[in-house]
Amino acid sequence: MKTIKLTSTSDPGHGWLRVPVQLISKTDVYHRISEFSYIDKNFVYLEEDCDAGLVIKSLESQGYKLEIKHRNVERTNIRNKARYSALTIAAALYFKSVKLGPGDAPLFSPELLT
């Protein structure tokens, strides 16, 4: 059984579980994660109410043991990241590299394709 260490971050309004993009791509539920989660180049920030549980269950069913460190903060920049999209993960799997720009839409840089 492989142990994975993850971090959960909560502010006064909500909480997210930070999971590496590559690990999300190994789940059978990456296409079911909602737009209430966020993503950057390296991590997906799974909202705590549904998405985090969905991914935790998927990873545990594959034999992963998760160790989750919880941190509470007054403010977080997670809401400033791009909203999650399963297409972003699919593109990352295909192109092996994704560049996210400001706003909700993933942007691809042509130099990443060469």
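May I ask for the net charge around Thr7, where only other residues with Cβ less than 13 Å from the Cβ of Thr7 are counted and Lys, Arg are +1 while Asp, Glu are -1? Summing Lys and Arg as +1 and Asp and Glu as -1 gives +2.
How do Val73, Val44, Val21 line up, fewest other C-beta atoms within 10 Å first? Could you put the intermediate results ahead of the total?
Numbers: Val73 12, Val44 26, Val21 18.
Ascending number of Cβ neighbours within 10 Å: Val73, Val21, Val44.
Under 20 Å from the 7 Å Cα→Cβ point of Lys5, by amide nitrogen: which residues of the range 66-83? Answer for this model: 66-73. Looking at the range 19-80, the trypsin sites (Lys or Arg not before Pro) that sit in a DSSP loop and have at most 14 other Cβ atoms within 10 Å of their own Cβ are Lys26, Lys41, Arg75.
Taking 0.36 nm per residue of separation and subtracting the current Cα-Cα distance, fully stretching the chain between Glu67 and Asp28 would add 12.0 nm.
Rule-based calculations on the coordinates, nothing more; no lab input. In this text, all values refer to a predicted model and were calculated from it rather than measured experimentally. Positions of Cβ are backbone-derived with ideal geometry, glycine not excepted, and every protein chain shown enters the neighbour counts.
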